[in-house]
Amino acid sequence: MANDLSDFLRTVPPVTRVLLLGTLGTTFGALLNIIPPLLIVNYWPLTLFKLQLWRPITAFFVVMGGDPMSKLMEIYMLYTYGKDLELEKFKGYTADYVYYVLLIGSGIAGLNALTGGVAYVAPLLVAFAYTWSQHTPDRIVSFYFGIMFKAKYLPVFILSFKLLIEGQRSFLISLTGFGAAYCYQSLENARGQGRPSPWLQTPQFLKNMIPGAWSASTGLTTDPRNVHRSFGSAYYPGTSSVNGSARPGTGRSSGANPSAATSNTTFRWGRGHRLGD
């Protein structure tokens, strides 16, 4: 059992692994009353005036509201979209993915100062889903009740279900994730395809701290062109650079890649229903 879990975690890319383990640990710790929920959600007056500066960080690792099954489904979807982004859009560029998460997270935390939201897993999920849907807009997704549609409509369906099932407050909190991801996407396309705004250029200190590519078999490697996967390896030619700094994943998956355009992604939304590909 322990070896199976270790083998599974080894196949999860590093940033997604941190999000998955942190969210599971914090959420279950709160459910079991090991961690007081009021100590880890983000109340801005306590964060700013009592200098409880951990709150905006821990708020991204706890799921509030709903039954345990709903919480597990939300964590699973966060893991699924986060992993796909790390392995597809940001493949071989771990530092850029970390910077993306930091930018999106900052936007979510700032916008929720207006909504009063205190836990940020739900808006982070919507942000991941939006960015993923823009990267693979023509991929077919099967939603609850077997509804099938193109991936570019996925955020609309998620937000609609948030409104119908959890109410207006949950919808507004989740909407902040859409807003943050939309702003990121706009800056990414600000100067044309493949030439993002300078605001999205990953700081050099992050590139120095985090090696470029991830390997399921050997860990991190500094060669961003050679990306190893658990089922083999792929070599990616050097990307073009803007002002001396390469930015991967700015283009969408298109019909030039038939496997990406025709692959199906299946999710089921609702209590008691299992999520799966």
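Taking loop as defined by DSSP and a crowding limit of 13 other beta carbons within 10 Å, which chymotrypsin sites (Phe, Trp or Tyr not before Pro) in segment 52-121 fit?
Passing sites in segment 52-121 are W54.
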#### Entry: Förster radius 25 Å - calculated FRET efficiency between L48 and W199 (Cβ-Cβ, nearest 0.05)
0.50
### Query
Which is farthest toward the positive dipole end of segment 34-176 among P68, G146, S174, measuring Cα position about the Cα centre, with Cβ charges +1 (Lys, Arg) and -1 (Asp, Glu)?
S174
### Message
Treating only the Cβ of Lys, Arg, Asp and Glu as charged (+1, +1, -1, -1), what charge dipole size does segment 84-207 show about its Cα centre? Round to the nearest 20 debye.
### Response
180 debye
### Query
Given a Förster distance of 30 angstrom, what is the FRET efficiency for L39 paired with I165, based on the Cβ-Cβ distance and rounded to 0.05?
0.60
### Query
From the phi of every residue in segment 18-30, what ³J(HN,Hα) in whole Hz does the Karplus formula 6.51 cos²θ - 1.76 cosθ + 1.60 yield, where θ is phi - 60° and glycine or proline is x?
4, 4, 5, 5, x, 5, 4, x, 5, 5, 5, x, 5
### Query
Hey, got a sec? Which chymotrypsin sites (Phe, Trp or Tyr not before Pro) in segment 1-53 land in a DSSP loop and have at most 16 other Cβ atoms within 10 Å?
Y43
### Summary
For segment 93-178, the charge dipole (Cβ of Lys, Arg +1; Cβ of Asp, Glu -1; about the Cα centre) points to a positive end, and the Cα of T131, Y99, F157 closest to that extreme belongs to F157
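Read-outs throughout are calculated quantities, based only on the coordinates presented, and are distinct from any laboratory measurement. The structure displayed is predicted, hence computed values, not measured ones. In this analysis, Cβ positions are derived from the backbone assuming ideal geometry, glycine residues included, and neighbour counts consider all displayed protein chains.
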